Amino acid sequence: MTQAMVLDILRSAFITVFKVAMPILLISMGVGLTVSLIQAVTQIQEQTLTFVPKVLSVILALFLFGNYMLNTLIDFAEDLYRIIGNIV
């Protein structure tokens, strides 16, 4: 295994992590920003008001994007097994 192969696997792993994490992070960030704006406008500073919508949005995002996320991880794992098979 050469250094170039290791760097290629590492690059692929970072891209996979980015693809899997981004839908949930973006939705959570958008919901948090929206709730923060509503809190600033209405001057309601309740801590649980930000927590509940974020949790619900993350659950909804997992439901909507779970299939895509799982398929992305499976593709990455299959690529790793293919690379391991070529090394031995």
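The values are calculated or read from the model by the stated rules, or taken from the named source; none is laboratory data. It should be emphasised that the depicted structure is a prediction, and the values quoted were computed from it without experimental measurement. As a convention, Cβ positions derive from the backbone with ideal geometry for all residues, glycine included, and neighbour counts pool all protein chains shown.
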Scanning the range 58-88 for residues that are among the small types (Gly, Ala, Ser) and surrounded by 10 or more Cβ atoms within 10 Å (Cβ to Cβ), which turns out nearest to PRO23 (Cα to Cα)?
ALA61
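This table checks each residue for (1) exposed (fewer than 13 other Cβ atoms within 10 Å of the Cβ); (2) within 30 Å of GLU78 (Cβ to Cβ); (3) among the β-branched types (Val, Ile, Thr).
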position: LEU7; (1), (2), (3): yes, yes, no
position: ARG11; (1), (2), (3): yes, yes, no
position: PHE14; (1), (2), (3): yes, yes, no
position: VAL20; (1), (2), (3): no, yes, yes
position: LEU26; (1), (2), (3): yes, yes, no
position: LEU37; (1), (2), (3): yes, no, no
position: ALA40; (1), (2), (3): yes, no, no
position: LEU56; (1), (2), (3): yes, no, no
Yes or no: GLN45 part of a loop (DSSP other than H, G, I, E, B), of a type in the set (S, T, N, Q) and either modelled with pLDDT under 90 or within 17 Å of the chain's Cα centre (by Cα) (or both)?
yes
Do we find that ILE59 is out of contact with any Ser or Thr (no Cβ under 7 Å at 6 or more places or on another chain), touching a residue at least 60 places away in the same chain (Cβ under 8 Å) and not charged (D, E, K, R) in this structure?
no
Selection within the range 9-29 - within 16 Å of ILE59 (Cβ to Cβ) and touching a helix residue (DSSP H, G or I) at 6+ places or on another chain (Cβ under 6 Å)
PRO23, ILE24, ILE27, SER28
Can you tell which of LEU64, LEU7 is within 30 Å of ASN86 (Cα to Cα) and modelled with pLDDT of 90 or more?
LEU7
